[in-house]
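Heads up: the structure comes next, in structure tokens.
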Amino acid sequence: MTSFRPTEYFRPQCIEEAVKSLIDFGETARAIAGGTDLMVEKPPFVNCLVDLTNLNLGYVDKEGDGIKIGALTKISGLEESPVLQQGPYSAIAAAARSIGSPGIRNMATLGGNLCNGVPSADMPPVLIALDGKARIFGSQGTRTVPLGDFFKDARKTALKHDEILLDIFIPAPPAHTGADFQKIGRTAVDLALVNVGVRVTCDGEGHCEESVIVLGAVAPTPMRAVKAEEVLKGKKITEALIEKAAISASAEVLPIDDVRASAEYRRELVVHLTKNALKNANEMALRKGGEKK
Amino acid sequence: MKSVPITLIINGERHDLDVKPFWTLLYVIRDKLGLTGTKMGCSSGECGACTVHVDGKAINSCLMLAAQADGKKITTIEGLEKDDKLHPLQQAFVDHFAVQCGYCTSGVILSAKALLDKNPNPNEQEVREAIKGNLCRCTGYVKIVEAVLASTKEGGELR
């Protein structure tokens, strides 16, 4: 096995310069931010490291009615951000809090968690459920990709080699919206066996207008349980209906057996986690009337 | 191979170094500067033995490139002692027998110190959360948690 021995290191001060370095060094260049994936994987083909940490992309700010979260925001920054402590956005902070250890969360970034395309990543499900959009910069300019279309396969995203994720935009959730994140890992710091992010939007009387249920670690990419969403649509949300939706979700997913858990066990977890997430999101939607439009 | 010139402020002392692009902060601290109180365990961010503070935050130095620490203030276990006196947290580890083989200790203390710097009177749950990235295979954590709580201003108790 050849070892990880990059011979070049750049710390660009602007995004144009970063993209240029990625192009100049071609496929042997890799962007690095927190390093908590790359420095574990240590891919031997990497010859050039393009350090993104000086790009001023660490922020959680309001933008219009919604919010934007910079790709270089640390996971610990998401946990602590005052913008993410209440209402549906609090599911984002909950997902962040569930990741690794405090030391890892002080290094790892939102961009890394998304762009590495790891099937068990904890940030994608809630961000997809909240209709997040990835804003991407590359040599062809800036483009926007809905996060639901961002993940193409295990470790493959919509990001091209000469592109860098700028931030995630999340529109204001409609009135009467709740969101939640649930996860089970083998130990307190292990990757998710299954994770789920949900959003429930109700009318004034507790009927489900729209729901998004996104499951992680049960398919090559984060996966929407569309049949389960159909179960809820237009109906008055009850415990029995939530149970039905959760069972439907577990029939839809495509988990694998691996060192962490069997596919069968993962399907069982999907039922319980989806149920809890829907219950919490629905309560939030009813209790607070969700975020103001 | 290119070298990257960097400056590290470690325990208040300035070090100007030329580092290779793939050197980790841990490697530089131990092998280039001889500060061997910081330990190398798993080299993959699982065990926390390499925990140091970078600009006041606990991080795993095995996963950070030395080049990425350029210009940053770093605290290692050697930086806690003042005027030949152990830091109260270190003294608490001694007093409460929170050290057995000692390999995890410096990492645990730096993780705990990061918590106490932010929250001087944590409860047991908060202490356990702060050190959950630090593996200790000897103590079972009880003595460690006792020591951290005892070192706080109010000398919190296990619940």
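The values are calculated or read from the model by the stated rules, or taken from the named source; none is laboratory data. Since the structure is predicted, the reported quantities are computational estimates derived from the model, not experimental observations. As a convention, Cβ positions derive from the backbone with ideal geometry for all residues, glycine included, and neighbour counts pool all protein chains shown.
Quick check on segment B:13-28. Is at least one of its residues surrounded by fewer than 18 Cβ atoms within 10 Å (Cβ to Cβ), in contact (Cβ under 8 Å) with a residue 24 or more places away in the chain, touching a strand residue (DSSP E or B) at 6+ places or on another chain (Cβ under 7 Å) and not assigned by TED's automatic domain parsing to the domain that holds B:LEU115? Within segment B:13-28, one or more residues are surrounded by fewer than 18 Cβ atoms within 10 Å (Cβ to Cβ), in contact (Cβ under 8 Å) with a residue 24 or more places away in the chain, touching a strand residue (DSSP E or B) at 6+ places or on another chain (Cβ under 7 Å) and not assigned by TED's automatic domain parsing to the domain that holds B:LEU115. When B:ILE109 is tested against the conditions (1) of a type in the set (A, V, I, L, M, F, W, C); (2) in contact with a Phe, Trp or Tyr (Cβ under 9 Å, 6 or more places away or on another chain); (3) within 10 Å of another protein chain (Cβ to nearest Cβ), the lone failure is (3).
Going by the conditions given, is A:ALA251 assigned to a loop (DSSP other than H, G, I, E, B) and at negative phi? No: the conditions fail for A:ALA251.
Just to verify a result, which residue in segment A:1-25, among those that are in a loop (DSSP other than H, G, I, E, B) and touching a Cys at 6+ places or on another chain (Cβ under 9 Å), is farthest from the other protein chains (Cβ to nearest Cβ)? The selected residue is A:PHE25. Would you mention how many residues in segment A:254-292 are in a loop (DSSP other than H, G, I, E, B) and of a type in the set (Asp, Glu)? So the answer is 3.
Please verify whether A:ARG143 is within 15 Å of the chain's Cα centre (by Cα) and among the charged types (D, E, K, R), treating the condition exactly as stated. Talk me through it step by step, then tell me what you get.
Details: within 15 Å of the chain's Cα centre (by Cα): no; among the charged types (D, E, K, R): yes.
In short, no.
Within the bounds of segment A:54-66, is there any residue that is under 18 Å from the mean Cα position of the chain (by Cα), modelled with pLDDT of 95 or more and closer than 28 Å to A:THR274 by Cβ? Lay out the reasoning, then the answer.
The initial filter retains those residues of segment A:54-66 that are under 18 Å from the mean Cα position of the chain (by Cα), namely A:57-61, A:66.
After this cut, where a residue has to be modelled with pLDDT of 95 or more as well, the list is A:57-61, A:66.
Pick out the ones that are also closer than 28 Å to A:THR274 by Cβ and you get A:60, A:66.
Yes, there is a match, as at least one residue in segment A:54-66 is under 18 Å from the mean Cα position of the chain (by Cα), modelled with pLDDT of 95 or more and closer than 28 Å to A:THR274 by Cβ.
Just name the residue that is farthest from the other protein chains (Cβ to nearest Cβ) out of those in segment B:49-92 that are in contact with a His (Cβ under 9 Å, 6 or more places away or on another chain) and assigned to a loop (DSSP other than H, G, I, E, B). So the residue we want is B:GLU81. Of all the criteria given as (1) within 16 Å of the chain's Cα centre (by Cα); (2) of a type in the set (A, V, I, L, M); (3) more than 25 Å from B:VAL127 (Cα to Cα), the one not satisfied by A:VAL83 is (1).
Evaluating B:ASN119 against the criteria (1) more than 15 Å from B:GLU146 (Cα to Cα); (2) within 14 Å of chain A (Cβ to nearest Cβ); (3) under 16 Å from the mean Cα position of the chain (by Cα) leaves one unmet condition, (3).
Restricting segment A:102-142 to residues that are of a type in the set (Ser, Thr, Tyr) and surrounded by fewer than 24 Cβ atoms within 10 Å (Cβ to Cβ), which is farthest from the other protein chains (Cβ to nearest Cβ)?
Looking only at segment A:102-142, we keep the residues that are of a type in the set (Ser, Thr, Tyr), and these are A:109, A:120, A:139, A:142.
Next, only the ones that are surrounded by fewer than 24 Cβ atoms within 10 Å (Cβ to Cβ) stay: A:120, A:139, A:142.
Details: A:SER120: 15, A:SER139: 24, A:THR142: 26 Å.
So the residue we want is A:THR142.
Of all residues assigned to segment A:195-217, none qualifies as being within 14 Å of another protein chain (Cβ to nearest Cβ) and under 17 Å from the mean Cα position of the chain (by Cα). Within segment B:2-48, being on the phi > 0 side of the Ramachandran plot and within 14 Å of chain A (Cβ to nearest Cβ) holds for B:SER43, B:GLY45, B:GLY48.
Any residue at all in segment A:196-212 that is surrounded by fewer than 20 Cβ atoms within 10 Å (Cβ to Cβ), at pLDDT 95 or above, in contact with a helix residue (DSSP H, G or I) (Cβ under 9 Å, 6 or more places away or on another chain) and hydrophobic (A, V, I, L, M, F, W, C)? Looking for residues that are surrounded by fewer than 20 Cβ atoms within 10 Å (Cβ to Cβ), at pLDDT 95 or above, in contact with a helix residue (DSSP H, G or I) (Cβ under 9 Å, 6 or more places away or on another chain) and hydrophobic (A, V, I, L, M, F, W, C), one finds none in segment A:196-212, hence no.
Exactly one residue among B:GLY56, B:GLY34 is farther than 20 Å from B:VAL108 by Cβ, surrounded by fewer than 18 Cβ atoms within 10 Å (Cβ to Cβ) and among the small types (Gly, Ala, Ser), and that residue is B:GLY34.
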